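Working notes for the structure below.
The values are calculated or read from the model by the stated rules, or taken from the named source; none is laboratory data. None of these values were measured; they are calculated from a predicted model. Reconstructed Cβ throughout: ideal geometry from the backbone, glycine too, with neighbour counts over all protein chains shown. Only protein heavy atoms, including side chains, enter the accessible area calculation; ligands, DNA and RNA are left aside. Shrake-Rupley method; radii C 1.70, N 1.55, O 1.52, S 1.80 Å.
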Amino acid sequence: MTVSFLQLLCYGLTVLIVVGTPIGLLIWYKLKSGLGFKPILTGATCFLVAAVVLERLLHMLVFSLFPTLPYNPVAYVAYGALAAGVFEEVARYVGLKMLCKNEQPNLQTGLGYGIGHGGVEALLLIAPYCVNNFIIVLQLFWGNADGLLADV
């Protein structure tokens, strides 16, 4: 199996976008808003607590009670979408309520919260897969498919 340079370039650009966008937005926000990192840290913390910790605990409970749920695609997708929506929206509500308790809600606070929430999601959930895929495509581009498949 061979991979073209264009495919390799697209995978590399994907990694740069997924990693560079949150970091670039963080720098831009800090320079333009003049605010501290409180909204960004609140957004990141709310995502970590709600989506990574609490939502996974719910998944463990639901899958122990309904072990065949992952084998029913419609029910599995409906449950996953509902769980993600509830946990992430409640986290956003609580986080923004905490941020705006002592100050007037404004665009900078909302943007900072979104950069933190979405940025940590991109860096923790999407970036590892993109980097892994890029490494595999890089191996295939260099013609190391046999060595790569031997390790599998």
Odd one out for T2 among (1) open to solvent by 70 Å² or more (accessible area, probe 1.4 Å); (2) in contact (Cβ under 8 Å) with a residue 40 or more places away in the chain; (3) part of a helix (DSSP H, G or I): (3)
Residues satisfying the stated conditions in the range 5-34, i.e. open to solvent by 70 Å² or more (accessible area, probe 1.4 Å), under 22 Å from F141 (Cα atoms) and of a type in the set (A, V, I, L, M): L6, L9, L13, L16, I17
Checking F63 against (1) open to solvent by less than 80 Å² (accessible area, probe 1.4 Å); (2) farther than 26 Å from T21 by Cα; (3) under 22 Å from the mean Cα position of the chain (by Cα), the condition it does not meet: (3)
Among (1) open to solvent by less than 30 Å² (accessible area, probe 1.4 Å); (2) modelled with pLDDT of 90 or more, the one test that L140 misses: (2)
Candidates G114, G110 - the one that is open to solvent by less than 70 Å² (accessible area, probe 1.4 Å) and modelled with pLDDT under 90: G110
Count of the range 83-102 residues which are surrounded by 12 or more Cβ atoms within 10 Å (Cβ to Cβ) and of a type in the set (K, R): 1
Test: G80 is surrounded by 14 or more Cβ atoms within 10 Å (Cβ to Cβ), farther than 19 Å from G114 by Cα and of a type outside the set (V, I, T): yes
